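The structure appears below as structure tokens.
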Amino acid sequence: MRPHVVTRRASADDDSAVKEAARIIRRGGIVAFPTETVYGLGADAGNPEAAARIFEAKERPRFDPLIVHVPGKADALALASVFPRTAHRIADAFWPGPLTIVLPKRADRVPDIVTAGLPTVALRSPSHPATRKLLAAAGCPIAAPSANRFGAVSPTTAEAVIEQLDGRIDMVLDGGPCPIGVESTIVLCSGEKSALLRPGGLPLEEIEAVAGPLEAPPASLIPQAPGSLPRHYAPRTPLFLVNGADEVPLEDRAGAAALLFAKRGISGFSTVKALSEHGDMREAAANLFSALAQLDVAGTSAIYAERAPETGLGRAINDRLKRASAR
Ligand code: TXA
Ligand code: MG
């Protein structure tokens, strides 16, 4: 049995602890930290393997897009490819604060695992002084969902984080209870339209007073709530989930792509890609969305994707592949 590891917990008022948390994040670790809404579980938003560790710690059986936390609008502008007028208005009015704005993303700046393959990125500038100190010390955007295990409620105290994630994360910054206690309000701003994706800590009325009436969200851009499974990313190339690429008959391999779980020699396929070098789950998870995107433009007739071991992050990988293969 794995020995019980106790996650380091330190006061968010202690500047040296905040600096240590920032160092851990810069080195690819994961740290729980307070925000004005709920505690987040953060990683360097530019590091796909660190993002994979978040899903692993949360035991999420699938990948959900993460919110990318930034100090302010200037930093958000660097991660979005389009920043419509409404986004400027609401960012100016409510940032820093409990508002997340979903915008078309700069694909070269935000890894696919962070956005779960979506072409958009969720951005938030938090107001909690500890979160702001952490962002400044880290010097990089921090990707973070709420710091709970899958299916559990969002934690609003460091104790609640420890109860769920002790030993699974590198550090917890304790900033006491979160003043707002519910997650941020999420607004999608795509071009002309703005839509409410999730009610939250910032009242809808306040947003509409600045942005005008919001629309109902377009079905294609609502990430899956557990249990409902509209696909938000699907390769155009037909994808087949297989236990091993070796089971694909030789005559079906010509013109097709194989997506292996671990690198090895295999013959007959036009294109072969491996999610990981030696079958490392975290590496595989970190590479999944970009591998699918690359294979989708490789011009093959089909993608045969190998199932990952059905454990840990493998469940999330398989869930994603299953949905990508759904017709
Ligand atoms: O207040 C909050 O929002 C907290 C703190 C830590 O910032 N974060 C939070 O994250 O509650 P959470 O656990 O709700 O996970 C992120 C959620 C996703 O489940 C999804 O609903 C939404 O953010 N999201 C992220 N990226 C998105 C995108 N590109 N399009 C639509 N929704 C997105
Ligand atoms: Mg959550």
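The values are calculated or read from the model by the stated rules, or taken from the named source; none is laboratory data. The model shown is predicted, which means the values in this text are computed figures rather than measured ones. When we count neighbours, we look across all protein chains shown, and the Cβ atoms used for this are built from the backbone with ideal geometry, even at glycine. Accessible surface areas use protein heavy atoms only, side chains included; no ligands, DNA or RNA. Shrake-Rupley method; radii C 1.70, N 1.55, O 1.52, S 1.80 Å.
Things worth noting here:
- If the condition is being over 12 Å from residue 172 (Cβ atoms), within 16 Å of ligand 2 (Cβ to nearest atom) and of a type outside the set (Gly, Ala, Ser), then region 1-52 contributes 35, 36, 37, 38.
- Within region 156-180, the residues that satisfy the criterion of being more than 10 Å from ligand 1 (Cβ to nearest atom) and either closer than 11 Å to residue 35 by Cβ or in contact with a Cys (Cβ under 6 Å, 6 or more places away or on another chain) (or both) are 156, 173, 175, 179.
- Scanning region 121-135 for residues that are within 18 Å of residue 51 (Cα to Cα), touching a residue at least 60 places away in the same chain (Cβ under 8 Å) and either among the aliphatic types (A, V, I, L, M) or surrounded by fewer than 24 Cβ atoms within 10 Å (Cβ to Cβ) (or both) gives 122, 134, 135.
- Members of region 277-297 that are open to solvent by 40 Å² or more (accessible area, probe 1.4 Å) and free of Cβ contacts under 8 Å to residues at least 60 places away in the same chain: 277, 278, 280, 294, 297
- Hits in region 78-136 - residues which are among the small types (Gly, Ala, Ser), under 30 Å from residue 11 (Cβ atoms) and within 16 Å of ligand 2 (Cβ to nearest atom): 122
- For region 136-148, filtering for residues that are open to solvent by 40 Å² or more (accessible area, probe 1.4 Å) and near ligand 1 (Cβ under 10 Å from one of its atoms) leaves 0.
- Here is the figure for region 52-104: residues that are within 10 Å of ligand 1 (Cβ to nearest atom), open to solvent by 20 Å² or more (accessible area, probe 1.4 Å) and either among the charged types (D, E, K, R) or modelled with pLDDT under 95 (or both) total 2.
- Residue 180 being within 16 Å of ligand 2 (Cβ to nearest atom) and either under 23 Å from residue 109 (Cα atoms) or aliphatic (A, V, I, L, M) (or both): yes
- From the options 28, 42, 117, residue that is open to solvent by less than 30 Å² (accessible area, probe 1.4 Å), modelled with pLDDT under 95 and touching a helix residue (DSSP H, G or I) at 6+ places or on another chain (Cβ under 7 Å): 117
- Within region 244-266, considering residues that are open to solvent by 70 Å² or more (accessible area, probe 1.4 Å) and free of Cβ contacts under 8 Å to residues at least 12 places away in the same chain, the one farthest from the chain's Cα centre (by Cα): 251
- For region 187-206, a tally of residues being surrounded by fewer than 22 Cβ atoms within 10 Å (Cβ to Cβ) and modelled with pLDDT of 95 or more returns 1.
- Residues of region 5-25 that turn out to be among the polar types (S, T, N, Q) and at pLDDT below 95, as a count: 1
- Top-ranked residue in region 149-163 [being within 19 Å of the chain's Cα centre (by Cα) and crowded, with 23+ Cβ neighbours inside 10 Å; ranked as modelled with the highest pLDDT]: 161
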